[in-house]
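All remarks here apply to the structure that follows.
Read-outs throughout are calculated quantities, based only on the coordinates presented, and are distinct from any laboratory measurement. No experiment lies behind these values; they were computed from the predicted model shown. Ideal geometry is used to build each Cβ from the backbone, glycine not excepted, and the neighbour counts take in all protein chains shown.
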Number of protein chains: 4
Amino acid sequence: MLSRFSRGELKLGRIEAFSDGVFAIVATLLVLDLRVPSLVNHTSAAELGRALLNQLPKFLSWLISFVIVCKFWLNHHHVLGQARHANYALVWLNSIFLMFQSFVPFPTAIMGEYPENPLAISFFGCVMALNTVLFILLQSYVQKNLLKPEWKGAEDPHLLAKSFVGPASYLVGVACAWWNVYAAFAVYFLTPWFFITPPEPRPTRQPPNDNA
Amino acid sequence: MLSRFSRGELKLGRIEAFSDGVFAIVATLLVLDLRVPSLVNHTSAAELGRALLNQLPKFLSWLISFVIVCKFWLNHHHVLGQARHANYALVWLNSIFLMFQSFVPFPTAIMGEYPENPLAISFFGCVMALNTVLFILLQSYVQKNLLKPEWKGAEDPHLLAKSFVGPASYLVGVACAWWNVYAAFAVYFLTPWFFITPPEPRPTRQPPNDNA
Amino acid sequence: MLSRFSRGELKLGRIEAFSDGVFAIVATLLVLDLRVPSLVNHTSAAELGRALLNQLPKFLSWLISFVIVCKFWLNHHHVLGQARHANYALVWLNSIFLMFQSFVPFPTAIMGEYPENPLAISFFGCVMALNTVLFILLQSYVQKNLLKPEWKGAEDPHLLAKSFVGPASYLVGVACAWWNVYAAFAVYFLTPWFFITPPEPRPTRQPPNDNA
Amino acid sequence: MLSRFSRGELKLGRIEAFSDGVFAIVATLLVLDLRVPSLVNHTSAAELGRALLNQLPKFLSWLISFVIVCKFWLNHHHVLGQARHANYALVWLNSIFLMFQSFVPFPTAIMGEYPENPLAISFFGCVMALNTVLFILLQSYVQKNLLKPEWKGAEDPHLLAKSFVGPASYLVGVACAWWNVYAAFAVYFLTPWFFITPPEPRPTRQPPNDNA
């Protein structure tokens with residue numbers, strides 16, 4: 001049964017198209033949480049200004065999630081570029097990753113609505129830690145089973161260990177949320193900057209060109 | 001009139017792009033059913049926790065539908081990869097299949113909202129059985145009329161009969177719903193695992209490579 | 001100023017990708033109008049059944065619009081396949097066409113909500129007639145200015161006149177709506193079947209292959 | 001740290017696919033602001049007519065935003081066509097630009113809801129000015145660092161200065177809004193026509209073909 005998953009040679013192009021679609025929709029749906037406020041006096045600039053300022057936590061949640069989704073997109077692009085081809089195991093690891101990627105608007109909306117509720121803030125961090133772990137699973141599978149020959153030995157051997165900095169940092173934010181929600185916001189804001197560019201190949205080897 | 005449909009040579013690439021777009025949007029829209037709960041006490045973790053637990057049937061509906069949509073995407077990829085080219089009959093069979101694929105968020109939302117209503121649960125199963133039948137029509141059309149030469153004879157001759165296990169299983173769930181809704185949930189959850197990888201070509205022939 | 005629009009050589013691939021995205025989203029958003037009904041008794045199959053039957057006009061509007069959008073997608077695919085390349089005039093004619101294509105969910109929702117209101121029904125027909133006229137503009141521009149050499153003379157010379165059957169038929173529906181809304185529904189349902197396949201090239205010439 | 005961003009050779013194809021997805025979704029989501037009006041008498045054409053006329057500011061906002069998004073798409077296509085390849089700096093400049101592009105439905109909805117509120121109208125102009133500045137940053141980066149050899153010297157040397165006409169014009173609209181909202185609407189409507197086609201290469205050189 002399990003060996004069926006290592007079969008199949010699928011077009012990476014359609015997997016990328018499906019994934020790009022999901023990433024683009026998730027990134028764009030995030031804005032649907034910003035709601036047009038209800039004003040008593042429709043022409044009052046002061047009332048609209050106060051209503052927009054009240055939505056500040058929603059803007060901040062939107063900003064953090066958008067950056068995180070773009071970071072996942074960039075790293076996803078990097079990992080699929082390292083794969084020779086796709087098999088069913090890759091498709092399903094990718095689908096489960098995309099499932100929780102498409103889930104992101106929900107914890108983002110809850111964090112934006114209840115920015116002082118510790119459970120709301122820690123729920124966001126848990127979902128992001130889970131997303132990062134699912135991405136690491138996808139990455140490890142590609143590197144163990146489907147790596148293009150020119151990438152063999154070119155990756156940092158400590159990459160897997162370094163990857164866990166992401167989930168660990170989100171879980172620090174989860175713990176912070178029960179002590180101070182603002183500290184948790186700061187941790188979530190800073191975490192994506194760690195892996196903002198994919199790891200470079202080791203300089204001792206000729207850098208592979210993933211543009212082909 | 002009917003013969004017009006067998007004419008036309010369309011770019012499979014644009015049919016795939018349109019289909020991937022629909023699959024990606026359907027998969028991502030499913031999350032819009034998870035609503036931010038209304039809390040009396042905005043900072044109460046206990047109240048938010050209870051509200052999220054109450055949405056458990058919605059999470060479960062979302063999970064089941066996401067896996068089913070991914071399964072359809074994977075099998076759709078497999079079938080279009082077997083076609084030499086596209087004609088108008090393929091385009092319209094594909095459009096009708098996508099129409100009911102794009103319908104999936106509606107029964108999913110109803111099942112998530114009314115998880116103890118037998119009609120809600122059986123409606124979901126009927127829609128999924130219909131989707132599977134529409135997919136089998138698309139698959140049969142490709143295999144009878146548009147199959148690439150290298151795939152001729154490579155498919156399991158009992159494939160068509162085996163494909164009907166899917167709709168039959170969903171209809172078992174539909175019947176179960178009137179007896180016990182939890183049994184129906186279990187049947188819906190288990191059904192997609194049957195066709196989780198497309199059928200392998202028969203081992204007596206050299207396996208075709210659909211990566212070209 | 002006007003001559004600037006005939007300049008530019010744009011990648012047809014990105015225009016197709018943007019258009020396919022819009023078509024896929026429009027087709028999928030149509031389902032968002034089907035709302036989960038509010039039930040007094042959550043477990044009553046009879047109440048849910050009546051509530052779903054009350055939504056019959058919405059299901060019908062969704063079905064009609066989905067078929068129309070797929071028909072536009074198919075004809076759009078056909079016309080862009082006849083173009084040598086894209087220039088700015090094509091991009092803007094395409095954008096204006098897509099603008100009113102993306103408008104389709106709005107009259108669909110109004111028709112589904114107020115199926116016995118003559119203005120609601122005739123508004124739908126007017127939007128569809130406008131969409132068809134915008135498509136004819138796009139098609140005429142391609143055939144006059146950007147036609148691939150192998151398509152020259154291959155199209156039916158009466159194509160332009162025949163194309164106006166579409167808007168004329170929608171306008172018949174618009175007029176019917178003020179007399180009998182059910183007749184208008186029937187006209188809207190039948191209209192897309194007229195151009196359900198793009199026109200075939202004339203048999204006296206070797207049929208061009210737009211699959212390249 | 002900063003030098004990491006100038007590394008990487010990414011597939012322009014996936015960046016275009018992700019961007020096209022975001023553009024298509026933003027353009028299509030704009031229509032979700034047009035709401036089905038609530039009627040007292042469901043079959044009254046007069047009441048529905050008045051309700052649709054009351055939504056005129058929303059139709060106007062939708063129209064202005066759709067044209068602006070299409071204009072950005074066209075110029076984005078032009079700039080990415082000038083790039084030799086993509087690096088991480090390009091990806092992040094593109095992501096930040098897309099972030100505020102995906103934000104567009106929010107100020108559009110506010111302007112459509114409160115068309116006589118000066119803050120609502122000036123908020124829209126500020127967001128559009130910001131979008132234009134972010135686009136100019138992306139464009140400048142490509143032209144300084146990633147320009148294809150055949151485009152070197154082909155662009156108008158005053159292009160950067162001319163590009164700032166866009167943000168300046170939006171800011172004129174922002175100022176107008178506090179004096180007369182209708183004047184601001186007019187300015188917003190006229191601004192995108194300035195850059196409705198990308199700048200032509202200088203006629204003294206052979207025009208490069210970006211169709212490759």
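Spin-label model, C:Arg50/C:Ala168: points 7 Å from Cα along the beta carbon direction are separated by 4.7 nm. Here chain B was treated as a single set of alpha-carbon atoms; its pair distances binned every 5 Å from 0 give 1, 7, 14, 16, 16, 14, 11, 8, 6, 3, 2, 1, 1, 0 percent.
Of the DSSP H helices in chain D, those that are both long (alpha-carbon extent of 24 Å or more along the helix axis) and hydrophobic (Kyte-Doolittle mean at least 0.0) are D:12-29, D:56-82, D:118-141. For the cross-link pairs B:Lys11/D:Lys71; A:Lys11/B:Lys11; C:Lys71/C:Lys162; B:Lys148/C:Lys11; A:Lys71/D:Lys11, the ones whose C-alpha atoms lie over 19 Å apart are B:Lys11/D:Lys71; B:Lys148/C:Lys11. Treating each Cα of region C:20-59 as an identical point scatterer and summing with the Debye formula, the log10 of I(q)/I(0) at q = 0.16, 0.17, 0.30, 0.31 Å⁻¹ comes to -0.51, -0.55, -0.98, -1.01. Averaged over the residues of peptide A:63-75, the number of Cβ atoms from other protein chains lying within 10 Å of each residue's Cβ is 3. In chain D, helical runs assigned H by DSSP with n ≥ 4 each contribute -39500 (n - 2.57); averaged across all residues and rounded to the nearest 500, the mean residue ellipticity at 222 nm is -20500 deg cm²/dmol.
Inter-chain Cβ neighbour count for D:29-39, averaged per residue, equals 5 (cutoff 10 Å, partner chain atoms only). The same position A:Glu150 in the other copies lies at 2.3, 2.3, 3.3 nm from this copy, comparing label points 7 Å beyond Cα toward the beta-carbon, shortest first.
At 25 °C and a viscosity of 0.890 mPa s, what translational diffusion coefficient does Stokes-Einstein give for region D:1-123, taking Rh as the Kirkwood radius over Cα pairs? Give it in µm²/s as a whole number.
On the way: Rh = 16.9 Å.
Once the numbers are plugged in, D ends up at 145 µm²/s.
Remark on the protein assembly as shown: ratio of C-alpha radius of gyration to 2.2 N^0.38 Å is 0.94. Inter-label distance, C:Phe194 to C:Phe59: 2.9 nm, where each label sits 7 Å from its Cα along the C-beta direction.
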